[in-house]
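Here the structure is laid out as structure tokens; the discussion comes afterwards.
No lab work stands behind these numbers, since they all come straight from the coordinates. Worth saying up front: this structure is predicted, and the values here are computed from it rather than measured. For neighbour counting, all protein chains shown are included, and Cβ atoms are generated from backbone atoms with ideal geometry for every residue, glycine included.
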């Protein structure tokens, strides 16, 4: 006698499907603790390898930013001197917005029109640009003291050539040098090696 066997009913609801599975089979619903620990260990190794190079990259960006700002303000001072036919001074900023007597530019600088030609900012002399302390820079030492550059009305540098050595925080010494020639042009290069 042959009986028509009907196939078993297939459950349509997921909960019903889980109840039909044998107890030794479970649906995969995530990651195990071991998989999570391995992923965290791999991430920690990648961060340990990548962080020192990223810190060096940030240091280089900060140095480049400070150098670019300084050179840009020197160009601004030179062009303003030629455009207005008046002397323009760039000096390290000191107390009360006056020129510093020190030789370090890292605390910021001031660009102003020197209307009376005395090299100091007096009342009524317009400020062309002013920069604050440069982030990530340990020192921007000028070979001359005080840190001051005067551009004549024709754009040339008053005095002698000058060099500013830039040392980022975390560096053992200067890593870049900005040289300003008698024509008032700034050039960025490597610092001179000390004997």
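A few comments on the model shown:
- The stretch between residue 101 and residue 40, if pulled fully straight at 0.36 nm per residue, gains 16.6 nm over its current Cα-Cα span.
- From the C-alpha gyration tensor of the stretch 108-195, square roots of 5λ in Å: 26, 17, 10
- Whole-angstrom gap from the stretch 137-184 to the stretch 100-129, using each part's C-alpha centre: 15
- Förster radius 22 Å - calculated FRET efficiency between residue 172 and residue 57, Cβ distance, rounded to 0.05: 0.75
- Highest-first arrangement of 116-122, 172-178, 136-142, where packing means the average Cβ count within 10 Å: 136-142, 172-178, 116-122
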